[in-house]
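Participant: Structure incoming, see below.
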Amino acid sequence: MPAAWPRWLVMWTLAGAIYAACKVVTSIAAQRAGVHAAWWRHAGYLLAWPGMDATAFLAAPPPAPPAPAEWAAAAAKLVAGATLLVGLGQLPADSPSWVLGWLGMLALILLLHFGVFHVLSCAWRQVGVDARPLMAAPLRAVSVAEFWGRRWNTAYRDLTHRFLFRPLRPRLGLAPAIIAGFVCSGLVHDLVISVPAGGGYGGPTGFFTVQGLALLGERSAAGRRVGLGHGVRGRIFTIAMLVVPLPALFHPPFVERIVVPFLSALGAI
């Protein structure tokens, strides 16, 4: 990539290349497994759906269409994210860069992951394609396992479970396979976040390693004995494990060298 490229463009190029490779791999795997579908479904899966469950998208029976309330909720999240993004320009000019960066990330996640992706899910299910929402009310998670396994960005969960966890579990055992999956996720995030930022190396890998250890901890005998994995204690533990190490994932070099310049390029600040 040209050295003159801004860091945020390098990040999006890396993320786009990894995403495209994953889409192609999952599509080919589904076809080799005997999944057949019309050409427009293949095109839709590759170009107009961020999920990674090719089999469900291409061949699952038609799901129930989304209710009007779900359409409204998806649209509301999209509008809220866009409003927050536009509202960044109203903050004082001397606002700290970390404030602008974190608010900007929140706006983009709300706009894309919770808004646009949910609207796409509704649209595909409306025409009979099984494209379940990628974000399944993550704030309701009462365990780390539930958060990463069922509620947060299920596209990545589908990918790693099929191509990493399932092949490794018979060879390594349950716990090492879980840690390997989280470490792999951390390395990918380091590639996309730390390398373009030119700093913060190891932070994302450390964050996801903590998530794997927390998951094993809540499933251990000691974890179950103190009430982790369910109820109020489980929810508090989950929030703590996600929030406390979060600055290692979105470290200062990433916020200051990529997020803030990207928001500036968008005209948001």
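The values are calculated or read from the model by the stated rules, or taken from the named source; none is laboratory data. Note that the coordinates shown come from a computational prediction; the quantities given were computed from them, not determined experimentally. We place every Cβ from the backbone using ideal geometry, glycine too, and count neighbours over all the protein chains shown. These area figures cover heavy atoms from the full protein model, side chains too; ligands, DNA and RNA do not enter into them. Shrake-Rupley method; radii C 1.70, N 1.55, O 1.52, S 1.80 Å.
Participant: Tally the residues that are open to solvent by less than 40 Å² (accessible area, probe 1.4 Å), closer than 17 Å to Phe182 by Cβ and either charged (D, E, K, R) or not in a helix (DSSP H, G or I) (or both), restricting the search to segment 238-269.
Facilitator: Residues that pass the stated criteria total 1.
Participant: Out of everything in segment 198-237 that is assigned to a helix (DSSP H, G or I) and among the aromatic types (Phe, Trp, Tyr), what residue ends up being most open to solvent (accessible area, probe 1.4 Å)?
Facilitator: Step one: list which residues in segment 198-237 are assigned to a helix (DSSP H, G or I), which gives 203-219, 221-225, 231-237.
Then keep just the ones that are among the aromatic types (Phe, Trp, Tyr); that gives 207-208, 237.
Working: Phe207: 5, Phe208: 10, Phe237: 47 Å².
Taking the candidates together, the pick is Phe237.
Participant: Residues Ala131, Ala137: which one is within 23 Å of Thr238 (Cβ to Cβ), of a type in the set (A, V, I, L, M) and either in contact (Cβ under 8 Å) with a residue 24 or more places away in the chain or open to solvent by less than 60 Å² (accessible area, probe 1.4 Å) (or both)?
Facilitator: Ala137
Participant: Okay, moving on. Could you please find all residues in segment 104-124 being over 16 Å from Phe262 (Cα atoms), out of contact with any Lys or Arg (no Cβ under 8 Å at 6 or more places or on another chain) and either touching a residue at least 24 places away in the same chain (Cβ under 8 Å) or surrounded by 20 or more Cβ atoms within 10 Å (Cβ to Cβ) (or both)?
Facilitator: His113, Val116, Phe117, Val119, Leu120, Cys122, Trp124
Participant: It is to be established whether one or more residues within segment 22-32 are under 22 Å from Pro133 (Cβ atoms), under 20 Å from the mean Cα position of the chain (by Cα) and exposed (fewer than 14 other Cβ atoms within 10 Å of the Cβ). Please lay out each step first, then the result.
Facilitator: First, the residues of segment 22-32 that are under 22 Å from Pro133 (Cβ atoms): 22-23, 26-27, 30.
With under 20 Å from the mean Cα position of the chain (by Cα) added as a condition, the list becomes 22-23, 26-27.
Keeping just the survivors that are exposed (fewer than 14 other Cβ atoms within 10 Å of the Cβ) gives none.
No, segment 22-32 contains no residue that is under 22 Å from Pro133 (Cβ atoms), under 20 Å from the mean Cα position of the chain (by Cα) and exposed (fewer than 14 other Cβ atoms within 10 Å of the Cβ).
Participant: Okay, moving on. What number goes with the only condition from (1) in contact with a helix residue (DSSP H, G or I) (Cβ under 7 Å, 6 or more places away or on another chain); (2) under 27 Å from Ile236 (Cβ atoms) that Ala180 does not pass?
Facilitator: Looking at each condition in turn, Ala180 falls short on (2).
Residues checked against (1) closer than 30 Å to Gln90 by Cα; (2) touching a residue at least 40 places away in the same chain (Cβ under 8 Å):
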position: Cys184; (1), (2): no, no
position: His189; (1), (2): no, yes
position: Gly206; (1), (2): no, yes
position: Leu215; (1), (2): no, yes
position: Arg224; (1), (2): no, no
position: Val244; (1), (2): yes, no
position: Val259; (1), (2): yes, yes
position: Leu263; (1), (2): yes, yes
position: Gly267; (1), (2): yes, yes
